[in-house]
Amino acid sequence: MKLLAFSDLHRDLTQAAALVEMSAEADVVIGAGDFGSVHEGLEETIGSLAPIETPTILVPGNNETLDALRAATAGWDTATVLHAEGTTIDGVEFFGLGAGIPTTPWDWSFDLSEEEATEMIAPAPEGCVLVLHSPPFGHCDGGDPDTHFGSKALLAAVEEKRPRLVVFGHIHEAWGCASTIGETPLRNLGPNGTWIEA
């Protein structure tokens, strides 16, 4: 299965158009959150992505709420919004959990505490493709080796569930970073579109 995965578009409509063109070669498209910026521009960004006809999985970032993302994608027939839930495409299980984890310092941000994240990711099936917005702690989650903004709850879930792949964004300084936990590959995506075989 050929995945086209991205995160953190933040209202970049030119890049959204490029992703629409790229999507024709993908089996599944993944958008790992932050389509808008501080709750602005979500509808226009999703509108720019909506011509994607490939099955698409989206999770909310911390710059948009779950309800707002569901509303914005209401007319996009091939898109599925996941947040503490899963879906299966061509026999491959996907599970999504969005939001900023752990809680960010910004009062406008759509966040989850570590405790909430632990509870909400618990139903994820073993061996799934895990679509997150926030990184697991210690993996592509900071601008330097001593800085970590990731989630310990997500780290524990990856160690327990052993997904076939984990994708996320959120930490801009680590866009393009790759890591592993056991045999599980992890990718901090960024907006340019990353090709991954799953």
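Among the numbered criteria (1) in contact (Cβ under 8 Å) with a residue 40 or more places away in the chain; (2) under 20 Å from Thr87 (Cα atoms); (3) in a strand (DSSP E or B), which one does Leu154 miss?
So the condition that Leu154 fails would be (3).
Only one of Thr87, Thr80 is among the hydroxyl-bearing types (Ser, Thr, Tyr) and under 20 Å from Asn62 (Cα atoms); which? Before you say what the answer is, go through the steps one by one.
Details: Thr87 fails: under 20 Å from Asn62 (Cα atoms).
Just one listed residue meets the conditions, Thr80.
Being in contact with a Gly (Cβ under 9 Å, 6 or more places away or on another chain), in a loop (DSSP other than H, G, I, E, B) and in contact (Cβ under 8 Å) with a residue 24 or more places away in the chain, is that true of even one residue in segment 125-132?
yes
Taking the stated definitions as given, is Gly61 over 27 Å from Lys161 (Cβ atoms), of a type in the set (Gly, Ala, Ser), under 14 Å from the mean Cα position of the chain (by Cα) and buried (at least 20 other Cβ atoms within 10 Å of the Cβ)?
Considered against the rule, which asks whether it is over 27 Å from Lys161 (Cβ atoms), of a type in the set (Gly, Ala, Ser), under 14 Å from the mean Cα position of the chain (by Cα) and buried (at least 20 other Cβ atoms within 10 Å of the Cβ), Gly61 comes out as no.
What do you reckon, is Thr194 surrounded by 15 or more Cβ atoms within 10 Å (Cβ to Cβ), of a type in the set (Ser, Thr, Tyr), at pLDDT 95 or above and closer than 25 Å to Ala24 by Cβ?
On the way: surrounded by 15 or more Cβ atoms within 10 Å (Cβ to Cβ): yes; of a type in the set (Ser, Thr, Tyr): yes; at pLDDT 95 or above: yes; closer than 25 Å to Ala24 by Cβ: yes.
The answer is yes for Thr194.
Of Leu155, Leu165, Leu186, which residue is surrounded by 16 or more Cβ atoms within 10 Å (Cβ to Cβ) and touching a His at 6+ places or on another chain (Cβ under 6 Å)?
Criteria check complete, one pass: Leu186.
Of (1) surrounded by fewer than 22 Cβ atoms within 10 Å (Cβ to Cβ); (2) closer than 24 Å to Thr180 by Cα; (3) in contact with a strand residue (DSSP E or B) (Cβ under 6 Å, 6 or more places away or on another chain), Ala124 satisfies all except one. Which?
Result: Ala124 passes all but (1).
Pairs please, first residue from segment 1-22 and touching a residue at least 60 places away in the same chain (Cβ under 8 Å), second anywhere and of a type in the set (Asp, Glu) and buried (at least 17 other Cβ atoms within 10 Å of the Cβ), Cβ atoms under 9 Å, 6+ apart in sequence or on different chains.
Once the first residue is touching a residue at least 60 places away in the same chain (Cβ under 8 Å) and sits in segment 1-22, its partners that are of a type in the set (Asp, Glu) and buried (at least 17 other Cβ atoms within 10 Å of the Cβ) give Ser7/Asp34; Asp8/Asp34; Leu9/Asp34; His10/Asp34.
(1) closer than 16 Å to Leu189 by Cα; (2) in contact (Cβ under 8 Å) with a residue 60 or more places away in the chain: which one isn't true of Asp27, the others all being true?
Asp27 satisfies every listed condition except (1).
Considering segment 105-121 alone, what residues qualify as being among the hydroxyl-bearing types (Ser, Thr, Tyr) and either within 22 Å of Ile57 (Cα to Cα) or loosely packed, with under 13 Cβ neighbours inside 10 Å (or both)?
If the condition is that a residue be among the hydroxyl-bearing types (Ser, Thr, Tyr) and either within 22 Å of Ile57 (Cα to Cα) or loosely packed, with under 13 Cβ neighbours inside 10 Å (or both), then Ser109, Thr118 are the ones that fit.
Listed residues Gly100, Gly91, Gly86; which is of a type in the set (Gly, Ala, Ser), touching a residue at least 12 places away in the same chain (Cβ under 8 Å) and farther than 17 Å from Gly36 by Cα?
Gly86
Given the criterion under 16 Å from Leu82 (Cα atoms) and not small (Gly, Ala, Ser), identify the matching residue among Pro185, Pro123, Pro135.
The conditions single out Pro123.
Give the residues of segment 122-134 that are within 25 Å of His10 (Cα to Cα) and of a type in the set (A, V, I, L, M), sorted by residue number. Please lay out each step first, then the result.
Step one: list which residues in segment 122-134 are within 25 Å of His10 (Cα to Cα), which gives 129-134.
Within segment 122-134, Val129, Leu130, Val131, Leu132 meet the criteria.
Are any residues in segment 133-148 in contact with a helix residue (DSSP H, G or I) (Cβ under 9 Å, 6 or more places away or on another chain) and not in a strand (DSSP E or B), and if so, which ones? Steps first, answer last, please.
At the first step, the residues of segment 133-148 found to be in contact with a helix residue (DSSP H, G or I) (Cβ under 9 Å, 6 or more places away or on another chain) are 134-144, 147.
The answer is Ser134, Pro135, Phe137, Gly138, His139, Cys140, Asp141, Gly142, Gly143, Asp144, Thr147.
The values are calculated or read from the model by the stated rules, or taken from the named source; none is laboratory data. Since the model is a prediction, treat every value here as computed from it, not as a measurement. No Cβ is skipped: glycine too gets one built from the backbone with ideal geometry, and neighbour counts run over all protein chains shown.
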